[in-house]
Amino acid sequence: MAVVLRFVNIEGFIRERFLDLVHVSDTCPLTLKNKIIVVLVDNGLNVQDIRGQGYDGASNMRGEWNGLKALILQECPYAYYIHCLAHQIQLALVAASREVNEVHNFFQHANFVVNTVSASPKHNDELLENQAAEIAREIELGELDTGRGANQIGSLQRAGDTRWSSHYKSIKSLLKMFAATVSVLRSVATDRSATRNSRGDATGALKILNTFDFVFILHLMEIIMKITDILCVKLQNKSLDIANALDCVSNTKSLLAELREDGWESLFEDVKSFCVKHEIDIPDMDQRYVDVTKSRNKHDNTIVIHHYKVDVFNVAIDQQVIELNDRFCSQVTELLDLCSSLDPRHDAFDKSMICTLVEKFYPADFLVKKEIGWSVNYRISSLIHLTIERSKIANHLLI
C-alpha cells in the first residue's frame, strides 16, 4: 500500500509527497487503517491533523460503515472523504452498469467476441479487408459521407482496466465494424483448416452477435458511455479547477436524466433499423418476457418491451446516476464548492466563502466562536493579499 501526503507548506503552497510503501497482509479496511496510522505516527504526524482522505474507489475503501474512510473518520471527524476526481471513474461507471445482469453479460460476451476475432494476425487482416469492402459498399449506396479523414479503417479494441476510455472505444469499434466482424467469424466457423476450438469459438461468437439482446445493449452502452466518457476525459485535465469539475459532473447527470426521459424512442428505432440491416430477428415486443432466472411458476406478466425499457434501459441509466451521486454527494459537492474560494484563479476567491467553509466544516479548528469572525477575516484578508502578490510575481517570472 502506497501512502502519499498532500499538505500546505509554511509558505501556503500545496505540496504532495510520497511518504511510504507498506506491506499489508490483507486489504480489509481495519488492517489498512492501522497501517496508515502507524506510518503517520512513525513520521511524527498526528492523526487528528488529517483534513481529507482519498482512495482509489475500491469497495473496501468506500464502505459507508466499515470501509476505510469511515474508520479514519472515527479517528478524525474532519478527515472528509473526497474521491479522486479522475481515478478510473469510467471503470466505476462500467462496474455500476454491470449491476444489470444483461449488461454484465454483454461485456462478457463483447470481450469474448473481440478476443475471438483478434486471436490471430490472419483474422485481423481479414477484418481489415472486410471493413474496407463494407465502407466501399456503403459509400456506393450513399449510406456514408465521404471526406478527408472520414471512414478510416481501424481494428477492434480490447477493453482494459488500466486504459482510460478503453471500454467506450471497444464498444464503438465493435459497432462500427459489426458487419466485418460477422464476416470474419463466418469465415472462421466454416474453415475446415481451422482448429476445432477456433471454429467452435467463432460459432459461439456469431450466435452472440446475432441476438437482439446483444445489439440492444451494444447501442445502449454506446450512448451512455458517450455521455460519461466526456466527463472521464475532462476530469483527467490537470488544469481543470474544482468548480468546473463539479459543473461537468452536474452536466453529465443532467444528460443522463434527459436520456432516460426522452431517449428511449430514438434508441429503439436505431436498434430495430440495425437489426433489419444485419438480418437479426426482432422479438415480438408484446409477448410475455421469459426470465430464465425464475422458475416457470414464478413468471410474471412482464412483456418484452417493458423488460428492455424498464428493466434494462432505465436501470442501466439509473445505476450511472447512483454511482455519480455516491462519489459526489451533497456534502462533498458543497465542500469542494467552498474550497474553490481558496483558489486565487477563481471568481469565488473571497473571504466570506472561506469563513463559511471554516464555520461549517472545520469549526473546532478555531476554539473561540468570535475568532471565526474578526480574527479569521483578518487572517484571510492577509492571505488573499499575499496570494495575489505571489501570483503576480510568479506570472512576471514566467514572462
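Quick note: the coordinates plus some simple rules give every number you see, no bench work behind them. Nothing here was measured: the structure is a model prediction, and the numbers come from that model. Every residue, glycine as well, gets a Cβ built from its backbone with ideal geometry; the counts of neighbours run over all protein chains shown.
Numerical summary
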item	result
Cα gyration tensor category, rounded, prolate or oblate, for the range 89-328 with a/c compared to 1.5	oblate
Nonlocal amide H pairs with Ile303, under 5 Å, H built at 1.01 Å	Tyr289
Interchain or long-range residues, amide H under 5 Å from Gln53's placed H	Tyr80, Tyr81, Ile82
Nonlocal amide H pairs with Asp20, under 5 Å, H built at 1.01 Å	Val3
Förster-model FRET efficiency, 56 Å R0, Arg17 and Asp262, C-beta, rounded to 0.05	0.70
Under Karplus coefficients 6.51, -1.76 and 1.60, residue-wise ³J(HN,Hα) of the range 100-107 in Hz, glycine/proline x	8, 3, 5, 6, 4, 4, 4, 5
Full-extension gain in nm, Asp191 to Leu73, via 0.36 nm per residue minus C-alpha separation	36.3 nm
Difference of contour (0.36 nm per residue) and Cα-Cα distance, Ile303 to Asn210	31.4 nm
Ranked Val271, Val292, criterion: other C-beta atoms within 10 Å, fewest first	Val292, Val271
Ordering of 249-259, 192-202, 14-24 by burial proxy (mean other Cβ atoms within 10 Å per residue, highest first)	249-259, 192-202, 14-24
Karplus-derived 3J(HN,Hα), 6.51/-1.76/1.60, for each residue of the range 23-38, Hz, glycine and proline x	7, 10, 6, 8, 10, 6, x, 5, 4, 5, 4, 4, 5, 4, 5, 4
Rounded if a/c under 1.5, otherwise prolate or oblate - the range 206-260, Cα gyration tensor axes	oblate
Local electrostatic count at Ser183 - Lys and Arg +1, Asp and Glu -1, tallied over other residues with Cβ under 11 Å	-2
Estimated vicinal HN-Hα couplings, Hz - the range 120-131 in sequence order (Karplus 6.51, -1.76, 1.60; Gly, Pro = x)	8, x, 4, 4, 5, 5, 4, 4, 5, 5, 5, 5
